[in-house]
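J.: A single structure is presented below for examination.
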Amino acid sequence: MGAPKKFNTELTDYSVVHKETTGPYAKDLEVDALVVGAGFAGIFMLKTLRDRGYKTVIYEAGNDLGGTWRWNCYPGAGVDSEVPEYEFSWPEVWKTWNWKSNYPSYEDLRAYFDHVDKVVGIKKDCSFNTVVTSAHFDTESGRWTVNTEDGRTAKAKYLVLGTGFAARRYIPDWPGMDKFKGVVHHSSFWPDEEVQVKGKRCAVIGTGASGVQIVQAWGPVAGEVKVFQRTPNLAIPMRYRELTAEEQERSKARYPELFRLREKCWAGFHYDWHEKNTFDDTPEQREALYEKLWAEGGFRFWVSVYKDSLSDPKANQETYNFWVKKTQARIGDPRKRELLAPAKMPHYFGVKRPCLEKTYYEQFNRPSVDVVDIKNNPIKEFTETGITLEDGSHHEFDVIAVATGFDVVTGVMTQLGLKSITGTRLDEEWKPGANTYLGTTVSGYPNMFHIYGAHGPTLLSNGPSAVEVQGRWVADCLDKMNMNQIKYINPKPEAEKEWKKQIIALNNLTLLPTVKSTYMGGSVPGKAFEPLCYAGGIPAYVTAIRQALEDMSGFDVVKA
């Protein structure tokens, strides 16, 4: 049985030939704006542009709304931002919706997207199981031609990529994956039907967010769980709690203010950096602040600690010291404890996005749950019965979860077959490193916009906060073009270079460049080691992109 039959690895595996040939499924579609992706970004753009009079359609590779939350249905999958931070700011949607808990599961989020559709009507303008395979812009007509895997063509004045940061999976090329006779799935291509693990021997490869969540879900039920860890996850308590409809209805009077607040905070949450530096306080005062943030939970212990925590190595060590003390106390076995929460800091705290956990560390107190260190003894190959490491040791399994994440941020856009007006391809252009202007446009690709991708606040922020900030900017840019009879805008190469310099300069003010992480290009072999996100925070980002829209000097502007 070959690997492709076992689990899908490419978006094109989800393309289908549609019987329907009208509306968004037309063979030769003509629209003002074509949006790619039906997650938060794509849906926000569809409604926003449609409300402003643009004929807009979404092409979505998946079979329904939700983006990440349609794909991510692995055991325990859920979001790491709290509500109402993590939702649309549209009153007609939030006034008629209540959540079950402060951190929704993927099932809750799917139900939420169905509610969004019911209230504002999204699916009628969506073409599902539609995979974009190539696109190019014609300067004569001022329009994009977009082709799909199933042979359809769309023409649009504007191409808006609402593809986010995690639509391209990364599956290491381990030998023998096709030989394994058990069940194997990548976390982001997980099947909708439940994978049975009761009494089974299970492996989880990877300790990112999906790995942590799968361990929490499988620990209590599986016969055995072995977690293959290269780097410990410096996870922090989520403080999950169920919400009543009554308490949500009471707080909704403050929602408009809360939606404004999330755009005023560095990472798009409802809290911000503590205004002092770490050593401005006494050890007792520091302990009190750390305790408070730890008890409140969520990302507060990441982006609400002392304002020098992500920039000063000594300050960062203080943050880690508290983390390791709290976390080690939760793990009984000394060997597991040292692997999961090492006394010596493995990398600066917070330079990899910490995961939020409920019971992750407690799972390792079960005799049936173990951690296997593969930092210096990596996976050599898969066999019919399990996994062999470089030292020859063999581990037998019935079920394997490959939780190795994504070709983050840039991989999403480089898989679309985008061609520039000079005939070059984006995937080739970006091999040495990504280049954008404002984290929303790319030189050589006129009238193309991307949201929650390269060089925006993206992974350093709450998704919907960044999406709405960038989405309104794109809509305002389109309005400005229409009002001034502009055929197309194309970012100037020098403006792009200047923006990249800013991205690097801001990043270099932090400790982020000290380790290979999703912020620095991710783990895909051969990928450029470079900052992928704007590290200056959402308020500074808004100021920068709004000024650029005001004077348009960074664009070549071609009138109709």
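J.: For region 180-194, which positions are surrounded by 18 or more Cβ atoms within 10 Å (Cβ to Cβ) and either among the hydrophobic types (A, V, I, L, M, F, W, C) or out of contact with any Ser or Thr (no Cβ under 8 Å at 6 or more places or on another chain) (or both)?
T.: Correct list: Phe180, Val183, Val184, His185, Phe189, Trp190.
J.: Here's something else I'd like to know. Taking the residues in region 222-253 that are β-branched (Val, Ile, Thr) and within 24 Å of Ala329 (Cα to Cα) as candidates, determine which candidate is surrounded by the most Cβ atoms within 10 Å (Cβ to Cβ).
T.: Selected residue: Val227.
J.: Give region 418-459 a look and list any residue that's within 13 Å of Leu159 (Cβ to Cβ) and among the charged types (D, E, K, R), or say none.
T.: Matches in region 418-459: Lys419 only.
J.: Looking for whichever is closer than 12 Å to Gln229 by Cβ and among the aromatic types (Phe, Trp, Tyr) here; the options are Phe382, Phe364, Phe349. Which one fits?
T.: Phe364
J.: Same structure, new question: Find the residue count for region 374-408, including only residues that are within 30 Å of Lys431 (Cα to Cα), among the aliphatic types (A, V, I, L, M) and in a strand (DSSP E or B).
T.: 3
J.: Report every pair of residues separated by at least 6 positions or lying on different chains whose Cβ atoms are under 9 Å apart, first residue within region 121-138 and farther than 25 Å from Thr424 by Cβ and among the small types (Gly, Ala, Ser), second part of a strand (DSSP E or B) and at pLDDT 95 or above.
T.: Short answer, once both residue conditions are applied: Ser127/Leu29; Ser127/Val57; Ser127/Ile58; Ser127/Tyr59; Ser127/Thr148; Ser127/Ala154.
J.: Filter region 17-34 for residues that are surrounded by 10 or more Cβ atoms within 10 Å (Cβ to Cβ) and among the hydroxyl-bearing types (Ser, Thr, Tyr) and give the result.
T.: First pass over region 17-34, keeping only residues surrounded by 10 or more Cβ atoms within 10 Å (Cβ to Cβ): 18, 21, 23-27, 29-34.
The answer is Thr21, Tyr25.
J.: Ok, one more. Could you tell me which residue of region 184-202 is nearest to Tyr14 (Cα to Cα), considering only residues that are at pLDDT 95 or above and not in a loop (DSSP other than H, G, I, E, B)?
T.: Cys202
J.: Further question on the same structure: Does Ala528 meet the test of being closer than 17 Å to Val474 by Cβ and either of a type outside the set (Ser, Thr, Tyr) or surrounded by fewer than 17 Cβ atoms within 10 Å (Cβ to Cβ) (or both)?
T.: Criteria not met by Ala528.
J.: Which residues, counting only those in region 430-454, are surrounded by fewer than 24 Cβ atoms within 10 Å (Cβ to Cβ) and at pLDDT below 95?
T.: Within region 430-454, Trp430, Lys431, Pro432, Gly433 meet the criteria.
J.: Name the residue, out of Val371, Val412, that is buried (at least 21 other Cβ atoms within 10 Å of the Cβ), touching a residue at least 40 places away in the same chain (Cβ under 8 Å), touching a Leu at 6+ places or on another chain (Cβ under 7 Å) and not in a loop (DSSP other than H, G, I, E, B).
T.: Just a single option satisfies the conditions, and that option is Val371.
The values are calculated or read from the model by the stated rules, or taken from the named source; none is laboratory data. As the structure is a computational prediction, the values presented were derived from the model and not from experiment. Reconstructed Cβ throughout: ideal geometry from the backbone, glycine too, with neighbour counts over all protein chains shown.
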